[in-house]
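For reference, the structure is listed below as structure tokens.
The values are calculated or read from the model by the stated rules, or taken from the named source; none is laboratory data. None of the values given here were measured: they were computed from a predicted structure. Note: ideal-geometry Cβ built from the backbone for every residue, glycine included; neighbour counts use all protein chains shown. Areas reflect the complete protein model, heavy atoms only, side chains present, ligands, DNA and RNA absent. Shrake-Rupley method; radii C 1.70, N 1.55, O 1.52, S 1.80 Å.
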Amino acid sequence: MTEDRTVGTGSLDVLAAAVGGRLGAELSATAGDVPTLVWTDGPTVRQVTEAARAFAPERAGRLAFRRDLSERSVALGAIRLAQSTGSLACGLPVPVCPDAVAELWRDTPLPAPATEREDRLVYALLYEVRDDHRSNHVTPGQICDGLAVRGVAALARRMGLDGADRP
């Protein structure tokens, strides 16, 4: 049995290339029960959905869209959540977990460090977690757990950042 990779005006690959070109992102297409456009970081799901509707409106409603986050984006999100002063309605801090990181970035295109300090904290966290797992690739759960074990202040002190005890 062959896969149906057609999407109205062309194949899923053509749609991925057209939408990716319009948004300046590299999208890939997966066929299966539900054809899916997949990309890492870059535009939001809403932005890709709108671009797909503009290119192939008759088929876009039957597509799924999945934005994966790179290790750097997960680490940055975990650090931002850990430093946030916002709390849940019950008064507890927002948990630092992969789902909370994904929610943090849901409406943010191209997550990136806002300061050199954040960039260095991301580097330190990824370095430590990769070292813990003796791997060049770590999961979002491993990144969040690694931050929970260390804490932002310890990473900042290790990197020699001024004001290591402040967000």
query = What do you reckon, is residue 74 at pLDDT 95 or above and either in contact with a Ser or Thr (Cβ under 7 Å, 6 or more places away or on another chain) or closer than 24 Å to residue 127 by Cα (or both)?
reply = yes
request  = Any residue in region 62-82 that's within 14 Å of residue 148 (Cα to Cα): show its pairings with residues that are of a type in the set (Phe, Trp, Tyr) and open to solvent by less than 30 Å² (accessible area, probe 1.4 Å) at Cβ separation under 7 Å, as long as the two are six or more apart or on different chains.
outcome  = 77/105
inquiry  = Among the residues of region 50-65, what is the count of those that are surrounded by 18 or more Cβ atoms within 10 Å (Cβ to Cβ), in contact with a strand residue (DSSP E or B) (Cβ under 7 Å, 6 or more places away or on another chain) and under 19 Å from residue 106 (Cα atoms)?
reply    = 3
query = What helices (runs of 4 or more DSSP H) lie completely within region 92-167 and have 2 or more residues being among the aliphatic types (A, V, I, L, M) and closer than 22 Å to residue 39 by Cβ?
reply = 98-105, 116-133
inquiry  = Please verify whether residue 94 is open to solvent by less than 60 Å² (accessible area, probe 1.4 Å), without any contact (Cβ under 8 Å) to a residue 24 or more places away in the chain and among the β-branched types (Val, Ile, Thr), treating the condition exactly as stated.
reply    = yes
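For (1) out of contact with any helix residue (DSSP H, G or I) (no Cβ under 6 Å at 6 or more places or on another chain); (2) surrounded by fewer than 18 Cβ atoms within 10 Å (Cβ to Cβ); (3) at pLDDT below 95, each residue gets a yes or a no:
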residue	(1), (2), (3)
14	yes, yes, yes
20	yes, no, no
25	yes, no, no
34	yes, yes, yes
38	yes, yes, no
